[in-house]
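See structure below.
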Amino acid sequence: MNCQEAQSNIMNYINHNLSNEQTKEFIEHIYSCPNCQDELEINYIVMVGLQQLDDGEILSVDFRKKLKEDMDMRYKEAVREEERSRSIRVILAAFLISLFLWILGKVLAFIV
């Protein structure tokens, strides 16, 4: 993901509107790009701060810490989901190969 894509996805990230794959790519870019990280922090502070005020909550003192915790949690969740998806694809592929070999064995047994 480049800076333009990351910056256009900041509000989608804050509002939880990115897929797991997009979230993972977004966070990886944010960790590697100080400019985009600053842009995310500014937007995060504004949006979360306004939400806390609307909800009558006491404003968080350390938005940066809260953002980092959120990013770490969502990154781990995205990686976990990616691994789960990969495992399901491997199991499905193994099942289909087994089914194909079983059918092939039946066909060959019928021919002979």
Checklist entry - Using the beta-carbon distance between I42 and M73 and R0 = 22 Å, what value does 1/(1 + (r/R0)^6) give for FRET efficiency, to the nearest 0.05? => result 0.60
Item to check | Inverse mean reciprocal Cα-Cα distance (Kirkwood Rh) of region 7-74, Å | outcome: 12.3
Next on the checklist: Taking 0.36 nm per residue of sequence separation and subtracting the Cα-Cα distance, how much length would be gained by fully extending the chain between F100 and K65, in nm to one decimal?
Outcome noted: 7.4 nm
Checklist entry - Using Cα pairs under 8 angstrom and six or more residues apart, how large is the relative contact order of the chain, in percent? => result 27
Item to check | Value of [θ]222 nm, deg cm²/dmol, for the chain, DSSP H segments ≥ 4, -39500 (n - 2.57) each, nearest 500 | outcome: -28500 deg cm²/dmol
Item to check | For the chain, cysteines whose Cβ has no other cysteine Cβ within reach (under 4.7 Å) | outcome: C3
Checklist entry - GNM, the chain, Cα, under 10 Å: largest mean-square fluctuation among S98, S32, S85? => result S98
Checklist outcome for this item: Taking Lys and Arg as +1 and Asp and Glu as -1, residues besides D72 with C-beta under 14 Å from its C-beta add up to +4
Item to check | Mean Kyte hydropathy of 0.0 or more with a Cα span along the axis of at least 20 Å, helices from DSSP in the chain | outcome: 63-111
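Read-outs: derived from the displayed coordinates by stated rules, not from any lab. All values derive from a computational prediction rather than experimental measurement. Counting neighbours? That spans all protein chains shown, and the Cβs are built from the backbone with ideal geometry, glycine included.
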